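The values are calculated or read from the model by the stated rules, or taken from the named source; none is laboratory data. Note that the coordinates shown come from a computational prediction; the quantities given were computed from them, not determined experimentally. Because the Cβ atoms are built from the backbone with ideal geometry, glycine has one as well, and the counts that use them run over all protein chains shown.
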């Protein structure tokens, strides 16, 4: 079950990072950025193009789009679980800060929350694997 949760979380994370990357440089389609997904029309693009969308100077979505395939590769290659958990912990730290940022400013971004959920799930599964 944990393998399935990990795979689904990586797919969700990659999909959300690619959507966020698209929204950083282009307008998102209505079904991804309408009022049901964002705080208001155009809010997703504004949020995805903000300074907080590039915490380390590189768009967060680029880091995420590299993280999920690299994590999959590491899992498949049998990398040290502590290394994988460490990398996931960095992603979780960014997730916690960015999630706090969304909540504290009453912003809604389902693309962002999908990535945050994926990161939290990945971290939890990797932690549980390590302590078993």
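The residues in the range 111-132 that are within 11 Å of the chain's Cα centre (by Cα), touching a residue at least 40 places away in the same chain (Cβ under 8 Å) and surrounded by fewer than 21 Cβ atoms within 10 Å (Cβ to Cβ) can be counted, and the count is 3.
Within the set 8, 47, 14, the sole residue that is at pLDDT 80 or above, closer than 24 Å to residue 97 by Cα and touching a strand residue (DSSP E or B) at 6+ places or on another chain (Cβ under 7 Å) turns out to be 47.
Every residue, every condition in (1) out of contact with any helix residue (DSSP H, G or I) (no Cβ under 6 Å at 6 or more places or on another chain); (2) at pLDDT below 90; (3) over 18 Å from residue 28 (Cβ atoms); (4) part of a helix (DSSP H, G or I), yes or no:
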site: 92; (1), (2), (3), (4): no, no, yes, yes
site: 95; (1), (2), (3), (4): no, no, yes, yes
site: 101; (1), (2), (3), (4): no, no, yes, yes
site: 106; (1), (2), (3), (4): yes, yes, yes, no
site: 111; (1), (2), (3), (4): no, no, no, yes
site: 121; (1), (2), (3), (4): no, no, yes, yes
site: 125; (1), (2), (3), (4): no, no, yes, yes
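Within the set of pairs 6 or more residues apart or between chains, which connect a residue that is on the phi > 0 side of the Ramachandran plot and part of a helix (DSSP H, G or I) inside the range 59-77 to a residue that is at pLDDT 95 or above and crowded, with 17+ Cβ neighbours inside 10 Å with Cβ atoms less than 6 Å apart? Pairs that qualify, where the first residue is on the phi > 0 side of the Ramachandran plot and part of a helix (DSSP H, G or I) and the partner is at pLDDT 95 or above and crowded, with 17+ Cβ neighbours inside 10 Å: there are none. Apart from one condition, residue 56 fits all of (1) farther than 19 Å from residue 2 by Cβ; (2) part of a helix (DSSP H, G or I); (3) at pLDDT 90 or above; the exception is (2). Identify, by number, the condition in (1) more than 21 Å from residue 8 (Cβ to Cβ); (2) exposed (fewer than 12 other Cβ atoms within 10 Å of the Cβ) that residue 101 doesn't meet. The number of the failed condition is (2).
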